[in-house]
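The values are calculated or read from the model by the stated rules, or taken from the named source; none is laboratory data. Quantities reported herein were computed from a predicted structural model and do not represent experimental measurements. Virtual Cβ from ideal backbone geometry, glycine too; neighbours counted across all protein chains shown.
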Amino acid sequence: MNILKYEPAFREKCIEIFESNQPKFFDAAEKKLFTDFLDEDAAQDYFVVETDGDIVGCGGIFLDQQSNEAGLSWGMIHADHHKKGIGTMLTGYRIDLMKEKYPNAAYKVDTSQFTAAFYVKSGFKTIEVIPNGFAKGLDKYMMKLES
């Protein structure tokens, strides 16, 4: 497995990964947000996971300078590759990169009820839950990384 910096050539593969995680993990309405992100904001700190010549995951980090919070953004693994440790590896890489680039920031992730337990294993704690916060049936779990 290799983690590579995102390039526009990976766009369609990332969209395929997103679609493989619908409707359980992402609502259809979020697809435009994700494609806009890929087109406008993915150049700096977004990555893909390559294994055996195939792109099977993607995810990034960001810094909100106003709140001094760094976070994980748009992390996902193709549904055919869930439960293989790829998400854990990519999340660990992104957490390490956040801490390296933004050592004085607070660290966060916004996720759903379906993946909150996954982030707990990486040290995140739920701060707030907003029912239907992403879409109907997709609650928004706002989580912070415990130091």
Collect the residues in the range 4-36 that are in contact with a Lys or Arg (Cβ under 9 Å, 6 or more places away or on another chain) and free of Cβ contacts under 8 Å to residues at least 60 places away in the same chain, keeping them in residue-number order.
-> Ile15, Phe18, Glu19, Gln22, Thr35
Over the range 98-147, the set of residues closer than 20 Å to Gly59 by Cβ, polar (S, T, N, Q) and out of contact with any helix residue (DSSP H, G or I) (no Cβ under 9 Å at 6 or more places or on another chain) is Ser112, Gln113
Restricting the range 58-107 to residues that are of a type in the set (Ser, Thr, Tyr) and out of contact with any Leu (no Cβ under 8 Å at 6 or more places or on another chain), which is surrounded by the fewest Cβ atoms within 10 Å (Cβ to Cβ)?
-> Ser67
Hey, can you tell me all the residues within the range 28-50 that are surrounded by 12 or more Cβ atoms within 10 Å (Cβ to Cβ) and either farther than 21 Å from Gly71 by Cα or in contact with a His (Cβ under 8 Å, 6 or more places away or on another chain) (or both)?
-> Glu50
Scan the range 119-135 residue by residue and report those that are surrounded by fewer than 15 Cβ atoms within 10 Å (Cβ to Cβ) and among the hydrophobic types (A, V, I, L, M, F, W, C).
-> Val120, Ile127, Val129, Ile130
Inside the range 15-130, counting only helices (runs of 4 or more DSSP H) that do not spill past its ends, which hold 1 or more residues that are over 12 Å from the mean Cα position of the chain (by Cα), among the acidic types (Asp, Glu) and modelled with pLDDT under 95?
-> 30-40
